[in-house]
Amino acid sequence: MASVAVLMAEGFEEGETVTVVDILRRAGLTCDLFAFTEGPVMGMHGMYVHPDKVFPSDVKSYDAIVLPGGRPGGQNLRENPAVIDLIREFDAQDGKLIAAMCSGVIALAQAGVVAGKKVTGYTGYAKKLPGAVFLDEVAVADHNLVTSQGPATPYPFAYKIAEALGVDTSALRQRMLYTLAGGK
Amino acid sequence: MRDGTLITSRGPATAYAFGYALVDAMGGDSLAVKNRMVYFSAFEEDGGN
């Protein structure tokens with residue numbers, strides 16, 4: 001089963017982080033939270049989450065990386081040269097997946113991996129993703145990228161990531177009451 | 001759903017609708033929060049009801 005590393009920088013958006021881990025683990029994938037310091041990390045709304053590993057550890061061995069948004073979480077990812085190098089390294093390798101949502105997508109732009117690819121991001125973020133084909137869709141998978149819009153969209157984002165990694169999410173959507181809740 | 005002093009909800013993916021119901025019950029404006037969170041992009045407006 002594929003493995004996913006979620007990169008949790010200080011100021012991460014809690015829902016965009018823990019909901020993604022929740023869903024990907026339910027989907028049967030290995031999914032670990034990476035922090036950039038020892039100990040719990042504070043999110044955008046003051047919640048502390050304990051990581052599984054401290055970056056970089058074995059992050060390069062994972063099949064996919066996920067960059068959540070949040071303020072200043074997304075900016076902290078973009079301003080970390082080691083994260084930008086990792087994105088470029090994943091982009092250069094066949095079979096690796098790079099996923100980002102909300103303000104996390106600015107790290108993809110910084111790494112220069114969005115040119116000519118279909119992406120989405122938070123409202124108004126088209127201008128932050130020059131060279132990309134920005135779509136007004138809840139979650140977008142194109143080439144080696146999966147992107148999504150914002151705080152209320154980690155469900156379709158995580159389902160899209162799981163599907164890109166070969167998991168059928170139709171039963172999971174039912175079990176999590178996503179369809180019942182009006183999820184698109 | 002709300003009945004008297006109780007607000008209840010069903011499962012993992014209904015946490016947004018649940019949270020917004022709490023906001024409204026406490027006198028907040030859930031519509032503004034929904035819009036900032038891009039809720040209507042992911043979920044139907046009636047929350048599946």
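All of the numbers you see were taken from the coordinates with simple rules; none came from a lab. Owing to the predicted nature of the structure, the values given are computational and were not obtained by experimental measurement. As a convention, Cβ positions derive from the backbone with ideal geometry for all residues, glycine included, and neighbour counts pool all protein chains shown.
Is it fair to say B:ALA17 is surrounded by 13 or more Cβ atoms within 10 Å (Cβ to Cβ), touching a strand residue (DSSP E or B) at 6+ places or on another chain (Cβ under 8 Å) and farther than 19 Å from A:PHE157 by Cβ?
Numbers: surrounded by 13 or more Cβ atoms within 10 Å (Cβ to Cβ): yes; touching a strand residue (DSSP E or B) at 6+ places or on another chain (Cβ under 8 Å): yes; farther than 19 Å from A:PHE157 by Cβ: no.
Considered against the rule, which asks whether it is surrounded by 13 or more Cβ atoms within 10 Å (Cβ to Cβ), touching a strand residue (DSSP E or B) at 6+ places or on another chain (Cβ under 8 Å) and farther than 19 Å from A:PHE157 by Cβ, B:ALA17 comes out as no.
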* Asked: Taking the condition more than 10 Å from chain B (Cβ to nearest Cβ), more than 29 Å from B:GLY19 (Cα to Cα), surrounded by fewer than 21 Cβ atoms within 10 Å (Cβ to Cβ) and among the hydrophobic types (A, V, I, L, M, F, W, C), does A:LEU165 pass?
  -> yes
* With respect to A:LYS60, is the statement that it is out of contact with any strand residue (DSSP E or B) (no Cβ under 6 Å at 6 or more places or on another chain) and more than 29 Å from A:ARG173 (Cα to Cα) true? -> yes
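Can you pull out the residues in the range A:6-46 that are within 14 Å of chain B (Cβ to nearest Cβ) and either of a type in the set (A, V, I, L, M, F, W, C) or part of a strand (DSSP E or B) (or both)? Please lay out each step first, then the result.
If we filter the range A:6-46 for residues that are within 14 Å of chain B (Cβ to nearest Cβ), which is where we start, we get A:13-16, A:18-27, A:44-45.
If the condition is that a residue be within 14 Å of chain B (Cβ to nearest Cβ) and either of a type in the set (A, V, I, L, M, F, W, C) or part of a strand (DSSP E or B) (or both), then A:VAL18, A:VAL20, A:VAL21, A:ILE23, A:LEU24, A:ALA27, A:MET44 are the ones that fit.
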* Structure fact -> Scanning the range A:135-152 for residues that are within 14 Å of chain B (Cβ to nearest Cβ), touching a strand residue (DSSP E or B) at 6+ places or on another chain (Cβ under 9 Å) and over 19 Å from A:GLN75 (Cα atoms) gives A:LEU135, A:GLU137, A:VAL138, A:ALA139, A:VAL140, A:ALA152
* Structure fact -> How many residues of the range A:14-38 are buried (at least 18 other Cβ atoms within 10 Å of the Cβ) and out of contact with any Lys or Arg (no Cβ under 8 Å at 6 or more places or on another chain)? The answer is 13
* Going through the range B:1-33 one residue at a time, which ones are among the charged types (D, E, K, R) and within 7 Å of chain A (Cβ to nearest Cβ)? -> B:ARG10
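Could we say that A:ASP136 is free of Cβ contacts under 8 Å to residues at least 24 places away in the same chain and acidic (Asp, Glu) here? Break it down stepwise before answering.
Working: free of Cβ contacts under 8 Å to residues at least 24 places away in the same chain: yes; acidic (Asp, Glu): yes.
Answer is yes for this residue.
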* To do: Select from the range A:51-64 the residues that are in contact (Cβ under 8 Å) with a residue 24 or more places away in the chain and either in a loop (DSSP other than H, G, I, E, B) or under 13 Å from A:VAL105 (Cβ atoms) (or both) and list them in ascending order.
  => A:PRO51, A:PHE55, A:PRO56, A:TYR62, A:ASP63
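Yes/no per residue for (1) closer than 15 Å to A:ALA64 by Cα; (2) acidic (Asp, Glu); (3) crowded, with 21+ Cβ neighbours inside 10 Å:
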position: A:GLU89; (1), (2), (3): yes, yes, no
position: A:ILE98; (1), (2), (3): yes, no, yes
position: A:TYR122; (1), (2), (3): no, no, yes
position: A:VAL133; (1), (2), (3): no, no, no
position: A:HIS143; (1), (2), (3): yes, no, no
